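Heads up: the structure comes next, in structure tokens.
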Amino acid sequence: MANSATKKAAQATERRWSPTELVTPLKPLEAMAQGRLLVASDVGGHRELIRDGETGMLFRAGSADSLSDVLLRLLADERRWTQLREAGRAFVETERNWRSSVARYAPIYERIRAGAARLDAAPSVVGR
């Protein structure tokens, strides 16, 4: 019984959270860096990386109809291909390079460091 319940819980968790929703995927960045047309599902990490209609196209996750609609729209509008490719590549070059990525973390670490300094300066309470 416990084994069956464990399997059901694991399956429910898999359906609820795919790895793509928990981490920032690299494949879309690689595709954009190569100037490729990009179509991806609208799960967590993809929504963070892909500006729908600007750097790529998103479809509703789990919906074959949505995927089909997005692909047919993209294929029917060849004039947009160059713009999508160039915008995707520019996004990777300007937003997803090491300098930009590290710069986003600096303020976070400064707040952590400032908080740690306040804790170090606080009086110790012993015997509570």
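The values are calculated or read from the model by the stated rules, or taken from the named source; none is laboratory data. Predicted model only: the values in this text are computed from it and were never measured. Backbone-built Cβ (ideal geometry, glycine too); neighbour counts: all protein chains shown. Side chains are part of the model used for accessible areas, which takes the heavy atoms of the whole protein and leaves out ligands, DNA and RNA. Shrake-Rupley method; radii C 1.70, N 1.55, O 1.52, S 1.80 Å.
Can you send over the carbon and sulfur percentage of the accessible area for the range 66-118, probe radius 1.4 Å, protein chains only? Roughly 59 percent of what the probe reaches on the range 66-118 is carbon or sulfur. Average accessible surface for the range 26-112: 67 Å² per residue, computed with a 1.4 Å probe over protein heavy atoms with every protein chain in place. Relative to one another, the C-alpha centroids of the range 80-122 and the range 43-76 are positioned 25 Å apart. How much net charge surrounds E95 when only other residues with a Cβ under 15 Å from its Cβ are counted (Lys, Arg +1; Asp, Glu -1)? Around E95, the charge tally is +1. Couplings for the range 111-119, taken from phi via the Karplus curve 6.51 cos²θ - 1.76 cosθ + 1.60 with θ = phi - 60°, read 5, 5, 5, 5, x, 5, 5, 5, 5 Hz in order; Gly and Pro are left as x.
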